[in-house]
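The values are calculated or read from the model by the stated rules, or taken from the named source; none is laboratory data. It should be emphasised that the depicted structure is a prediction, and the values quoted were computed from it without experimental measurement. When we count neighbours, we look across all protein chains shown, and the Cβ atoms used for this are built from the backbone with ideal geometry, even at glycine. Only protein heavy atoms, including side chains, enter the accessible area calculation; ligands, DNA and RNA are left aside. Shrake-Rupley method; radii C 1.70, N 1.55, O 1.52, S 1.80 Å.
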Amino acid sequence: MPANPAYPPHSAPRLFVDEMLSDGMELRLDGSQVHYLANVMRAKAGDKLVLFDDRSGEYLGEVTQAAKRAVTVMLTGKLRERETVPDLWLCAAPIKRARFDWMAEKACELGVRRFVPVLTQRTVVDKIKPDRLRAHMIEAAEQCERSSLPELDNLAKLADLLAKWPEGRHLFFADERIHASGEGSFRKALVAHDGPAAILIGPEGGFSAEENAMVRAHPSAVPVSLGPRILRADTAAIAAISLWMAGRGDWN
Ligand code: SAM
């Protein structure tokens, strides 16, 4: 069956598979995907689904066998190549777990290419659970029809991140102490700074004065305001990504 805009149906389950896929291959799903397909979706032979691998692209599949503990799927056509999302990273200090999970999920939905957890002086949560964050981003990608997953970095100290910062990547530093109408105008910053970018968001307690000075002294830093109200870190991340996506990303 050829892939066209009306096919597969939007209700077809869409799943990430962590192995290289190719048209015509048969694969056996296991674990939580079997539970989801067999028990939640009550999949049966002949049902359609969409699979992507974050490597080669997205495929149409058909269930060939569905049992309680194993589901086999035949790939019957390539729907599209792996997409290239806009070159935006989100660098954010970990916050309370559920809120950080939410931030990772939304960053994926909004189109961020890389998620970089950053350890700062006032970071209260000094550990992250990469598997859990990745699971949230996978679920978001499945739901929002992304065919590439955001990269997830290890937790890095702010100073180390800045020391290794790649030349040519603008660092939009969300600073709640500057004015949106003046120095901190995000709109003006977007006009003046084209190209690869990252957004830097602090923890619940914000950046220390020392960190603020260190970031500002970095040649790639572009301090930006997100308005006159102090936003929660997760809100700030989503607002900044949205502004960048609308001005420089793929929302046009
Ligand atoms: N501790 C700070 C305070 O009490 O003033 C608030 C920190 S805020 C909860 C967490 C992070 O969100 C900040 O470090 C900053 O990166 C970002 N943020 C929040 N509101 C912002 C705004 N209006 N403009 C720019 N960044 C903002």
*Scan of segment 243-252 for residues that are at pLDDT 95 or above and surrounded by fewer than 16 Cβ atoms within 10 Å (Cβ to Cβ), ordered by number*: 246, 250
_Being open to solvent by 30 Å² or more (accessible area, probe 1.4 Å), part of a strand (DSSP E or B) and of a type in the set (Val, Ile, Thr) narrows it down to one residue among 76, 84; which is it?_
76
_Whichever residue in segment 14-24 is open to solvent by 40 Å² or more (accessible area, probe 1.4 Å) and of a type outside the set (S, T, N, Q) and, among such residues, is nearest to residue 134 (Cα to Cα)_ = 18
*Residues being under 28 Å from the mean Cα position of the chain (by Cα) and among the small types (Gly, Ala, Ser): count how many of those fall in segment 47-74.*
3
*Identify all residues within segment 34-70 that are touching a Leu at 6+ places or on another chain (Cβ under 6 Å) and either modelled with pLDDT under 95 or open to solvent by 20 Å² or more (accessible area, probe 1.4 Å) (or both); write none if there are none.*
43, 54
*Of the residues in segment 213-237, how many are over 19 Å from residue 181 (Cα atoms) and either assigned to a strand (DSSP E or B) or within 11 Å of the ligand (Cβ to nearest atom) (or both)?*
6
*Any chance residue 30 is out of contact with any His (no Cβ under 8 Å at 6 or more places or on another chain), open to solvent by 60 Å² or more (accessible area, probe 1.4 Å) and closer than 13 Å to residue 73 by Cβ*: yes
*Yes/no for residue 210 being open to solvent by 20 Å² or more (accessible area, probe 1.4 Å) and part of a helix (DSSP H, G or I)*: yes
_Pairs where the first residue, in segment 209-236, is under 18 Å from residue 170 (Cβ atoms) and the second is more than 7 Å from the ligand (Cβ to nearest atom) and open to solvent by 70 Å² or more (accessible area, probe 1.4 Å), C-beta under 7 Å, 6+ apart_ = 223/183; 223/216; 225/179
*All but one of (1) free of Cβ contacts under 8 Å to residues at least 40 places away in the same chain; (2) open to solvent by less than 10 Å² (accessible area, probe 1.4 Å) hold for residue 184; which doesn't?*
(1)
